[in-house]
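The values are calculated or read from the model by the stated rules, or taken from the named source; none is laboratory data. The shown structure was predicted, so the numbers you read here are calculated from the model rather than taken from an experiment. For neighbour counting, all protein chains shown are included, and Cβ atoms are generated from backbone atoms with ideal geometry for every residue, glycine included. Remember, those area values only see protein heavy atoms, side chains included, never the ligands or the DNA or RNA. Shrake-Rupley method; radii C 1.70, N 1.55, O 1.52, S 1.80 Å.
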Amino acid sequence: KEKIRRPFFCAQLRLLDGQFKNHWSKTFSSLESQLKFAQEQRGSSEVLPLFVMTDLARSNWTNTYLGELDMQRSAYEVHVLEEGNALIQKAAKELARHDYGIRSGFLPDDESTIIEDQKHSTVRASAPDILLYIEEVICSCATLGFSGTSGSTLSENILLLREENTCNG
């Protein structure tokens, strides 16, 4: 909560599948120009907090613009969320435990996921993949700006959330 309430910039970068994997140069060029603008607005001496939402694993950022940003610690404070994050896992388990429509049949059952309910008995449930939804909401709260991959549905969703001011709700 503390980090999301502070001013930050968000980049949603779809890089690995379909049409997107052939447009890295355009995607990074757009991000670079928007980050420069955000830096100018803030003052170039301040570190710019940057949340990155991408399908490219951080371990593969080497020799990419993301790798450059990650190395420029005096200019950028880069944040990412990963599925293994304890808070993400806890939220997914809570959703499954309370059955907010998650077990209604549209998600496949994962027999290996066992969630304990409050009575200490176990319930087989599928922990939903909520990372993308949480990332979208985080990006909707980026007060310093947003750069999304052109043509990405995720980017469109974030823009809609930003238009509706969902972060203020």
Within the stretch 13-29, is there a residue that is among the charged types (D, E, K, R), over 25 Å from R162 (Cα atoms) and free of Cβ contacts under 8 Å to residues at least 12 places away in the same chain? yes
Among (1) at pLDDT below 85; (2) in a helix (DSSP H, G or I); (3) touching a helix residue (DSSP H, G or I) at 6+ places or on another chain (Cβ under 7 Å); (4) among the hydrophobic types (A, V, I, L, M, F, W, C), A127 falls short only on (2)
Matching residues, the stretch 49-64, being in contact (Cβ under 8 Å) with a residue 40 or more places away in the chain and more than 20 Å from I158 (Cα to Cα): T64
Go through the stretch 7-25 and give me each residue that's surrounded by 12 or more Cβ atoms within 10 Å (Cβ to Cβ) and outside any strand (DSSP E or B). P7, F8, R14, L15, L16, F20, K21, H23, W24
Give me the pairs: first residue in the stretch 143-169 and within 21 Å of R5 (Cα to Cα) and in a loop (DSSP other than H, G, I, E, B), second residue open to solvent by 70 Å² or more (accessible area, probe 1.4 Å) and not β-branched (V, I, T), beta-carbon distance under 9 Å, and six or more apart or on different chains, which are they? T143/R6; L144/Q41
Quick check on my filter: what residues within the stretch 71-83 are open to solvent by 70 Å² or more (accessible area, probe 1.4 Å) and within 16 Å of D55 (Cβ to Cβ)? E82, E83
